[in-house]
Amino acid sequence: MWKFLLPFAAFVALVVLFAFGLNPNRDIHELPSPLIGKAAPPFALTDVLDPTRTVSTATLQGQVYVLNVWATWCVACREEQEELLAIARQHVVPIIGLDYRDNQDKAKLWLTQLGNPYAAVPFDGDGRTAIDWGVYGAPETYLVDAHGRIIYKFISPMTQEVWEKEFLPRIAAARSGA
Amino acid sequence: MRALLLTWALVASALILSAAQSRAQQAPPAFDDHAQLQDPRLQTRFERITKELRCLVCQNESIADSNVDLAADLRRQVREMLVAGRSDDAIFKFMTDRYGEFVRFAPPLTAKTALIWGAPFFVLLLGGLIIYRVVRQRSRMPIDE
């Protein structure tokens, strides 16, 4: 009896393992952020469009906001730009555009030519703020609650669908809880 | 009994050989595209730590080997922390706080990772047990030649 049962049990175990491990909807390069639920790493950076203005986590505190990591060298960010513009027109929360390892003049040109979805554009030229936030590519989009905690991170270009499915419910929950 | 000993000797030598092989594959890469640290002791630590950290863009390379911008930024970070007198543990903690345990090639031994660390020994034990049983069974069979 064991002779048949044991291989069969091993087979079933393998099937279950593969069902989880080989799920095509799961991106194996996507990493969960250890910062979810933790305080957003503080920064104070100058704004790409206005060098006299400082954008900091301290001034953003007290409101729910989205932080989108982008750069002009990032191909997927160009795709994402239109989606972000549409999302910004809904005026749900301010979108902060962290300009990651970029050239300020190119960034300025990009925003004037393609349109600017951002409420502020902090410039992270040497990528130090990005390291603090655990950024490993662009675009990445974070959601921060009114207490200054990161409550969600999305890796990949934003779309209307992701906005409605992943962001809006969390924003509503963060507001009702605050 | 002799067969059992022989089997174990074979298993052990195969293990030693494969360990030597995997060490040979990790030949240190040439490492002079970056400024060397003044203190050779810091430089040694720098090379060891950056080999221990995964580049998250190209996930099978270490930040010591990778040419992408993020790896360069992280090497700069490690170098600065070493010069500032931070310990290896502090540097690894800095990285895992931001990027998660995945940033380290060797996960620390915790309750969550016990399975990963334990599995090879468990499989070795299981294999040994199977070999032991098979050998014993065969030694009981009548010799008919």
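The values are calculated or read from the model by the stated rules, or taken from the named source; none is laboratory data. The structure presented is a predicted model; accordingly, all values stated were derived computationally and were not measured. No Cβ is skipped: glycine too gets one built from the backbone with ideal geometry, and neighbour counts run over all protein chains shown.
Filtered by the rule that a residue be basic (Lys, Arg) and touching a residue at least 24 places away in the same chain (Cβ under 8 Å), the stretch A:141-178 gives A:149, A:153, A:170, A:175. Being more than 14 Å from chain B (Cβ to nearest Cβ), in a helix (DSSP H, G or I) and either free of Cβ contacts under 8 Å to residues at least 40 places away in the same chain or under 25 Å from residue A:136 (Cα atoms) (or both) is a property that residue A:15 has.
Is it the case, given these coordinates, that residue A:138 is more than 16 Å from residue A:39 (Cβ to Cβ), loosely packed, with under 15 Cβ neighbours inside 10 Å and either in contact (Cβ under 8 Å) with a residue 12 or more places away in the chain or touching a strand residue (DSSP E or B) at 6+ places or on another chain (Cβ under 7 Å) (or both)? For residue A:138, the condition - more than 16 Å from residue A:39 (Cβ to Cβ), loosely packed, with under 15 Cβ neighbours inside 10 Å and either in contact (Cβ under 8 Å) with a residue 12 or more places away in the chain or touching a strand residue (DSSP E or B) at 6+ places or on another chain (Cβ under 7 Å) (or both) - is not met. Taken together, the criteria place residue A:48 among residues that are within 13 Å of residue A:98 (Cα to Cα) and touching an Asp or Glu at 6+ places or on another chain (Cβ under 8 Å). In the stretch A:160-172 there is no residue matching the filter, namely being surrounded by fewer than 19 Cβ atoms within 10 Å (Cβ to Cβ), assigned to a loop (DSSP other than H, G, I, E, B) and either at negative phi or not hydroxyl-bearing (Ser, Thr, Tyr) (or both).
For (1) in the same structural domain as residue B:42 (by TED's automatic domain parsing); (2) of a type in the set (Phe, Trp, Tyr); (3) over 30 Å from residue A:132 (Cα atoms); (4) surrounded by 13 or more Cβ atoms within 10 Å (Cβ to Cβ), each residue gets a yes or a no:
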| residue | (1), (2), (3), (4) |
| --- | --- |
| B:84 | yes, no, no, no |
| B:89 | yes, no, no, no |
| B:92 | yes, yes, no, yes |
| B:98 | yes, no, no, yes |
| B:123 | no, no, yes, no |
| B:126 | no, no, yes, no |
| B:135 | no, no, yes, yes |
| B:140 | no, no, yes, no |
| B:143 | no, no, yes, no |
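Residues considered: B:52, B:101. Of these, the only one that is more than 26 Å from residue A:74 (Cα to Cα) and at the interface with chain A (Cβ under 10 Å from one of its Cβ atoms) is B:101.
Table: residues versus (1) surrounded by 14 or more Cβ atoms within 10 Å (Cβ to Cβ); (2) in contact with a helix residue (DSSP H, G or I) (Cβ under 8 Å, 6 or more places away or on another chain).
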{"site": "A:34", "(1), (2)": "yes, yes"}
{"site": "A:39", "(1), (2)": "no, no"}
{"site": "A:47", "(1), (2)": "yes, no"}
{"site": "A:54", "(1), (2)": "yes, no"}
{"site": "A:62", "(1), (2)": "no, no"}
{"site": "A:72", "(1), (2)": "yes, yes"}
{"site": "A:77", "(1), (2)": "yes, no"}
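Each residue in the stretch B:55-98 was checked for being more than 9 Å from chain A (Cβ to nearest Cβ), within 20 Å of the chain's Cα centre (by Cα) and under 15 Å from residue A:29 (Cβ atoms), and 4 pass.
Selection of first residues in the stretch B:79-105 that are farther than 23 Å from residue A:150 by Cβ and of second residues that are surrounded by fewer than 15 Cβ atoms within 10 Å (Cβ to Cβ) and of a type in the set (Ser, Thr, Tyr), restricted to Cβ pairs under 8 Å at least 6 apart or on distinct chains, gives an empty result. If you take the residues of the stretch A:106-158 that are closer than 16 Å to residue B:99 by Cα and aromatic (Phe, Trp, Tyr), which of them is nearest to the other protein chains (Cβ to nearest Cβ)? Restricting to residues being closer than 16 Å to residue B:99 by Cα and aromatic (Phe, Trp, Tyr), the top hit is A:136. Can you name every residue in the stretch B:111-132 that is among the β-branched types (Val, Ile, Thr) and away from every other protein chain (no Cβ under 14 Å)? Within the stretch B:111-132, B:113, B:116, B:131 qualify.
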